[in-house]
Amino acid sequence: MNNYLQTLSKKCANKYQNTSHKEDLVSVGVLAALEELDSNPEAQPARLWQVISTAQWKHLNVDCLPVSVPFELVRVVKGLGSVDRGYSKDMLDWATLICNSPQFDSSYHEGDTEANHAEEYAEKALLEDIWEAAKECLTEEEYDLFNHYFQQGMDQEYLAQSLSVSQQAVSQKFIKMCEKVRKCFVNK
């Protein structure tokens with residue numbers, strides 16, 4: 001039976017064409033199939049294929065799965081709530097890492113899921129024009145700051161600490177930089 005599951009898992013893993021993860025995918029698939037057979041000994045081959053395929057997909061796409069952070073925990077991490085709510089240090093460290101990542105902004109993922117290539121190309125062209133305008137009108141220091149914030153997703157608080165200035169000073173710089181870029185872009 002194990003040879004059958006391993007063969008089934010190998011066939012399923014072949015669709016990913018990524019040799020660096022193939023052995024891992026096969027192992028994950030076999031484990032998922034064994035778990036399915038443990039809970040459902042009469043599982044049909046089609047069901048095993050489905051379980052293996054899903055487990056392999058989850059293994060490869062673990063970084064893309066959504067993470068939900070309770071609002072109360074976000075408040076604590078951002079310094080707006082009390083720490084005595086029973087959260088462990090590990091939990092707070094994890095939440096801090098998630099909240100400081102550039103993907104934490106939920107509006108980042110709220111776009112229409114339907115494919116519209118014309119809009120995608122227009123949006124890409126618009127972004128390229130904005131970055132070109134930023135290169136033209138900003139100083140090297142301003143452009144680096146602009147890039148760190150908008151391209152790399154660093155927050156203003158972190159940038160302020162790295163520049164040894166207040167967050168308000170960085171915020172004012174961004175207001176001025178964005179206005180310069182906007183004027184340069186509009187006047188093109």
Output for segment 114-186 (equivalent-ellipsoid semi-axes, sqrt of 5λ from the C-alpha gyration tensor, Å, descending) is 26, 15, 9
Quick calc: nm separation of the 7 Å Cα→Cβ label points for Lys176 and Glu119 -> 3.7
Taking a crude spin-label model, label points 7 Å out from Cα along the C-beta direction, the Glu35 to Tyr4 distance in nm is 2.1
Scoring segment 1-47 by relative contact order with C-alpha pairs under 8 Å, at least six apart, yields a percentage of 36
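Any read-out appearing in this document is the output of simple, stated calculations on the displayed coordinates, not a laboratory observation. Because the structure is predicted, anything quoted here is derived from the model rather than measured. So basically every Cβ, Gly included, is an ideal-geometry build from the backbone, and we count neighbours across all protein chains shown.
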